[in-house]
Structure formats: structure tokens, C-alpha cells
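Contents: one structure, followed by commentary.
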Amino acid sequence: MNTSERLRITEIFYSLQGEARTVGCPTVFVRLTGCPLRCQYCDTAYAFTGGEWQTLDEILNQVAHYQPQYVTVTGGEPLAQPRCMALLKQLCDVGYQVSLETSGAIDISAVDKRVSKVVDVKTPASQEMQRNLYSNFEHLTPHDQIKFVLCDRADFDWAKTILIEYELTKRCEVLFSPSHQQLPLQDLADWILADRLPVRMQVQLHKFIWGDMPGK
């Protein structure tokens, strides 16, 4: 099989969705290998390298084994592999509710419109703010979400500026998430309430259940 017809996969697993709109829902995760970013808080550095080449049929067969309603394609940065687009389309064609977790550093304009995109905006403390592709905001729809992972008060204030400048809440739902064990939950909650921000605070549910265990 030609490499162009395959994807490098770190893991495929069944767990509860820990973030975003379907948090708490049983979900199959397809984690693609590779990422061009190096965020200082990254919790999936094991997906930067390695993995195994699998055909689209092999991936779809593994997903089908779990008989899921929801499928999340994640990484690493899944869009770093061009064949990710074909995988997203085929997952939608089968009838799954599909979400894509992406860093916001790669063009999302060609992503299948049926996919719910969860697009990160990298803050100053992530150490990858310069990688933000702000033109991606033009391709967001109401069933997509934007996510800010915040490490401190400076990140929060910066995120507010971006929120207002790009009128993000008019485009889709906006998530403010505290970087796990870096920003106290109560601090972020108090800041959101004090500033009356129309955003959803979220925590990484899976971290509270299983910690940093791979495959969960």
C-alpha cells in the first residue's frame, strides 16, 4: 500500500470525552502521530513520533469495533497528515458524529463541513503563540468551538483581547480551559464571572478520572 493512502496512528481507544461539547460521552479517539508545535504544557508528547502506518479501512474497522456514536480525531496535530481529510470524510460518511481537535496552526478550510472542529488558540504562555493562524476564524461555524488553554492571568487577559477583537462568540462557542495543575480552577472561574465573559469554562474530565494515563 502506498504511504499516501495510509495514516500514521499512535493509538485508537475508547474512553469518555474529556473536553468540549460532548464531554462525558463515550467516544472513540483516533490519535494521529506527529505535531509541528511544542506547547510547554503538552500532555501528548508521546504522539510526536513513532506510531504505525494503517490504511483507512483498517482505521475504520477498529473504530467500528466499539460501535460508537462519537468519534474524535486528535493528535499530536492530526492535520499535519494530509490524508486526515479523507479519514474525516469517511468517518462522517459512515454516520458517526465526528469532531476534530486541532492546534489552530494549520488551515482548516478544507475540513469536511460535517465535522465539529475544536480549534485551539495558542496563548503567550503556551510558547507557541506565533503559530496561530488567525485566518482560520473565517472558517468556523456555529457547531465548531474555539479553545483557549490558559496558564495564568496574563493568558486570561490576552484571551479576552482576542475574544473581543475577532468577535469570537459570534462565530461559535468559546471554551476557556485552565492548564492542568498550572492555573487553579477557582481563579479562572472567578475571573470569568467578574468580567461576565460569555464563554464556557471547561476542565479536562479525563485528567480527574485517570490522570495522565495514555489511552484514556
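To the nearest ten degrees, helix 56-65 and the longest principal axis of the Cα atoms of the chain are 80 degrees apart. Nonpolar atom fraction for the chain, defined as the carbon and sulfur part of the 1.4 Å probe accessible area, stands at 51 percent.
Projection of the Cα convex hull of segment 137-199, averaged over all directions and equal to a quarter of that hull's surface, yields 4.1 nm².
Relative contact order of segment 1-140, please, whole-number percent, based on alpha carbon pairs below 8 angstrom and at least 6 residues apart. Write out the running numbers ahead of the final one.
Values: 260 pairs, mean separation 31.8, N = 140.
Here the relative contact order equals 23 percent.
Segment 94-138: D in µm²/s via Stokes-Einstein (Kirkwood Rh, Cα pairs, 20 °C, 1.002 mPa s)? Translational diffusion coefficient: 186 µm²/s.
Can you give the Kirkwood hydrodynamic radius of segment 1-88 from its Cα pairs, in Å with one decimal?
Across segment 1-88, the inverse of the average 1/r is 13.4 Å.
The value of relative contact order for segment 1-74, using C-alpha pairs under 8 Å at least six residues apart, is 41 percent. Beta bridges per DSSP, both residues in the chain: antiparallel share near 30 percent.
Summing charges over neighbours of residue 50, with a neighbour being any other residue whose Cβ is under 12 Å away from its Cβ, gives 0 when K and R count +1 and D and E count -1.
Taking every Cα-Cα distance in the chain and sorting them into 10 Å bins from zero, the calculated P(r) comes out as 8, 35, 38, 16, 3, 0 percent. The packing ranking of peptides 122-135, 72-85, highest mean first, is 72-85, 122-135, where packing means the average number of other beta carbon atoms within 10 angstrom of each residue. Expressed as a whole percent, the proportion of Cα-Cα pairs in segment 53-113 lying more than 20 Å apart is 21%.
Over the chain, dividing the summed -39,500 (n - 2.57) contributions of all DSSP H runs of at least 4 residues by the number of residues returns a 222 nm mean residue ellipticity of -7000 deg cm²/dmol. Relative to the longest principal axis of the C-alpha atoms of the chain, give the angle of the C-alpha long axis of helix 185-194, reported between 0 and 90° and rounded to the nearest 10°. Helix 185-194 sits roughly 60 degrees off the main axis of the chain.
Heavy-atom accessible surface of residue 171, to the nearest 10 Å², is about 70 Å², with a 1.4 Å probe and all protein chains retained.
Other residues within the sphere of radius under 12 Å centred on the Cβ of residue 202, judged by their own Cβ, net out at +2 (K and R +1, D and E -1). Against the chain, whose longest principal axis comes from its Cα atoms, helix 153-165 is set at around 80 degrees. In plain terms, the C-alpha convex hull of segment 170-216 casts an average shadow of 4.2 nm² when viewed from every direction.
At a probe radius of 1.4 angstrom, the accessible area of the chain per residue rounds to 47 square angstrom. Look at the Cα gyration tensor of segment 12-56: its axes a ≥ b ≥ c give a/c of at least 1.5 with a/b at or below b/c, and that counts as oblate.
The values are calculated or read from the model by the stated rules, or taken from the named source; none is laboratory data. Since the model is a prediction, treat every value here as computed from it, not as a measurement. All Cβ positions, even for glycine, are placed from backbone atoms using ideal geometry, and neighbour counts span all protein chains on display. SASA here: full protein model, heavy atoms, side chains in, ligands and nucleic acids out. Shrake-Rupley method; radii C 1.70, N 1.55, O 1.52, S 1.80 Å.
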